[in-house]
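Enquirer: Below is one structure. I have some questions about it.
Please treat every number below as a calculation from the coordinates, not as lab data. Fair warning: this is a prediction, and the values are worked out from it, not measured in the lab. Virtual Cβ from ideal backbone geometry, glycine too; neighbours counted across all protein chains shown.
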Amino acid sequence: MTARVIDGRAFAKEVTGQVTAQVAHLKHTQGLTPGLAVVLVGEDPASEVYVRSKGKRTVEVGMASFEHRLAADTPQDHLIDLIDEMNADPAVHGILVQLPLPDHIDEAIVLARVDPAKDVDGFHIANVGLLATGQRAMVPCTPLGCLMMLRAHHGDLSGLNAVVVGRSNIVGKPMAQLLLRDNCTVTVAHSRTKDIAELCRSADIVVAAVGRPRMITGDWIKPGATVIDVGINRLPAPEKGEGKTRLVGDCDFDSCAEVAGAITPVPGGVGPMTIACLLANTLTACCRAHG
Ligand code: GUN
């Protein structure tokens, strides 16, 4: 079998198109412009790329973009003060503090300071708790994007066996909650899981979010299963020239695509959907603030 490749770029375009139309409608009918503030502390090159891309897309859909770039040695109190200002600013509907933060800053304290209503990342414990108890929450963007692709491919997810590989707060845990909410039978696998390959072979849906390049191979996949690859790993690619790199997922694409029914590629799968969902969450936050 050769899997259907789920085109995350095309899907993200559809979502951003809908967001663009709704932003225009909000402006026209209520004179409102949704605003997204992104904070980057330090100069991590991968984070720089993400933040630049988020700012660009925000403006493209007609929203206001506020970027705050702070030096790597910024004291935690300064960051907290900035968050307080953004919490109080009516032009800011969504706040995203790019992770990881430098070691001297306590991530939990910072994330807890963001107004849960503006927490477009869905990382505040209030939103984590709301999601876990099936209430209206801001949902983390990457798992939300994965869920949208799964729903589009399968329709109803009820009764499907899903294995989420990885237990991070950003992806693995919220992904498991979302799949559970959609009536999947969910198992979360991690580095201590026994016979992880056998477990994955029992799954109708495998979501890979471990950060280990090409860890999951075709012999882990049940024929016809859906594979969602969240991994973005940069590997040296000497065949492309000296010092060049290429992106690969947590799944070995070629061998998994031989067996799976559908699979997301890296790049061009989950990645574009994450930013699309961030914009959708910002629109949602704006509508709720004025609803
Ligand atoms: N770093 C890697 N992924 C994310 C994300 O989804 N949100 C934030 N804030 N930081 C990240």
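Enquirer: How much net charge surrounds residue 258 when only the other residues with a Cβ under 11 Å from the Cβ of residue 258 are counted, with Lys and Arg +1 and Asp and Glu -1?
Expert: -3
Enquirer: Lys pairs in the chain, Cα-Cα under 20 Å, at least 8 apart or on separate chains: how many?
Expert: Counting lysine pairs in the chain gives 8.
Enquirer: Choose one of 33, 154, 82: the residue whose Cα lies farthest towards the positive end of the charge dipole of the chain (beta-carbon charges +1 Lys, Arg; -1 Asp, Glu; about the Cα centre).
Expert: Toward the positive end, the furthest listed residue is 154.
Enquirer: Quote the charge dipole size of the chain about the Cα centre in Debye, to the nearest 20; the model charges only the Cβ of Lys and Arg (+1) and of Asp and Glu (-1).
Expert: 740 debye
Enquirer: Once both axes come from the Cα atoms, what is the angle between helix 270-290 and the longest principal axis of the chain, in degrees from 0 to 90, rounded to 10?
Expert: Computed tilt is about 40 degrees.
Enquirer: Choose one of 174, 206, 226: the residue whose Cα lies farthest towards the positive end of the charge dipole of the range 141-271 (beta-carbon charges +1 Lys, Arg; -1 Asp, Glu; about the Cα centre).
Expert: 174
Enquirer: Further question: Calculate, in nm to one decimal, what residue 254 and residue 13 gain on full extension: separation in residues at 0.36 nm each, minus their alpha carbon distance. Spell out each step's value before the answer.
Expert: On the way: separation 241, 0.36 × 241 = 86.76 nm, distance 2.55 nm.
Full extension from residue 254 to residue 13 adds 84.2 nm.
Enquirer: If you don't mind, another one. Do any GluC sites (Glu not before Pro) in the range 21-65 lie in a DSSP loop with no more than 16 other beta carbon atoms within 10 Å, and if so, which?
Expert: Here the GluC sites (Glu not before Pro) that fit, given the DSSP loop and packing criteria, are 43.
Enquirer: Still on this structure, please answer the following. Among 126, 256, 109, whose Cα sits farthest toward the positive end of the charge dipole of the chain (+1 at Cβ of Lys/Arg, -1 at Cβ of Asp/Glu, about the Cα centre)?
Expert: After comparing all options, I get 256.
Enquirer: Using only the Cα atoms of the range 123-167, build the gyration tensor, take square roots of its eigenvalues as a ≥ b ≥ c, and label the shape rounded, prolate or oblate: rounded if a/c is under 1.5, else prolate if a/b is larger than b/c, else oblate.
Expert: Prolate, because a/c is 1.5 or more and a/b exceeds b/c.
Enquirer: Three principal axis extents, largest first, for the C-alpha atoms of the range 31-115, in Å?
Expert: In descending order, the Cα extents are 41, 28, 17 Å.
Enquirer: Of the listed peptides 213-221, 114-122, what is their order by residue-averaged count of other C-beta atoms within 10 Å, with the highest listed first? List each step's numbers first, then the result.
Expert: Working: 213-221: 20.0, 114-122: 22.8.
Ranking, from highest mean packing down: 114-122, 213-221.
Enquirer: Under 9 Å from the Cβ of residue 95, count the other residues' Cβ atoms, weight Lys and Arg +1, Asp and Glu -1, and hand me the total. Before the final figure, lay out each step's value.
Expert: Working: positive: 118; negative: 115, 119, 121.
After counting each charged neighbour, the total is -2.
Enquirer: Further question: How much length would be gained if the chain were fully extended between residue 52 and residue 33, taking 0.36 nm per residue of separation minus their Cα-Cα distance, in nm to one decimal?
Expert: 4.8 nm
Enquirer: In debye, nearest 20, what is the charge dipole magnitude of the range 65-145 about its Cα centre with +1 on Lys and Arg Cβ and -1 on Asp and Glu Cβ, if you could check? Working shown, then result.
Expert: On the way: 4 positive and 13 negative charges, 90 e Å.
That gives a dipole near 440 debye.
Enquirer: I would also like to ask the following. Using a simple spin-label model with points 7 Å from Cα along the Cα→Cβ vector, what separation in nm is obtained for residue 85 and residue 242?
Expert: Those two pseudo-labels are separated by 4.5 nm.
Enquirer: If I fit a long axis through the Cα atoms of helix 8-30 and take the longest principal axis of the Cα atoms of the chain, what angle between them do I get, 0 to 90°, rounded to 10?
Expert: Its long axis makes an angle of about 20 degrees.
Enquirer: While we're here: Ranked highest first by the average count of other Cβ atoms within 10 Å around their residues, in what order do 64-74, 175-185 fall?
Expert: Going from most to least packed, we get 175-185, 64-74.
Enquirer: Using DSSP, restrict attention to beta bridges with both residues in the chain and report what percent are antiparallel, rounded to the nearest 5.
Expert: Within the chain, antiparallel bridges account for around 10 percent of the total.
Enquirer: Still on this structure: Given +1 on the Cβ of Lys and Arg, -1 on the Cβ of Asp and Glu, and no further charges, what dipole in debye does the range 31-115 carry about its Cα centre, rounded to the nearest 20?
Expert: Dipole magnitude for the range 31-115 comes out near 500 debye.
Enquirer: Loop-only GluC sites (Glu not before Pro) in the range 221-286, please: DSSP not H, G, I, E or B, and at most 14 other Cβ atoms within 10 Å. Can you show the working numbers first?
Expert: On the way: sites: 239, 242, 258; in loops: 242.
Of the GluC sites (Glu not before Pro), the ones in loops of the range 221-286 whose Cβ has at most 14 other Cβ atoms within 10 Å are 242.
Enquirer: State whether the range 1-51 is rounded, prolate or oblate according to the following rule on the C-alpha gyration tensor (a ≥ b ≥ c being the square roots of its eigenvalues): a/c under 1.5 gives rounded; otherwise a/b larger than b/c gives prolate, and the remaining case gives oblate.
Expert: Oblate.
Enquirer: While we're looking at this one, here's another question. Based on DSSP H runs of at least 4 residues, each adding -39500 (n - 2.57), what is the mean residue ellipticity at 222 nm of the chain after dividing by all its residues, to the nearest 500 deg cm²/dmol?
Expert: -13500 deg cm²/dmol
Enquirer: By the gyration tensor of its Cα atoms, with a ≥ b ≥ c the square roots of the eigenvalues, what is the shape of the range 168-236: rounded for a/c under 1.5, prolate for a/b over b/c, or oblate?
Expert: oblate
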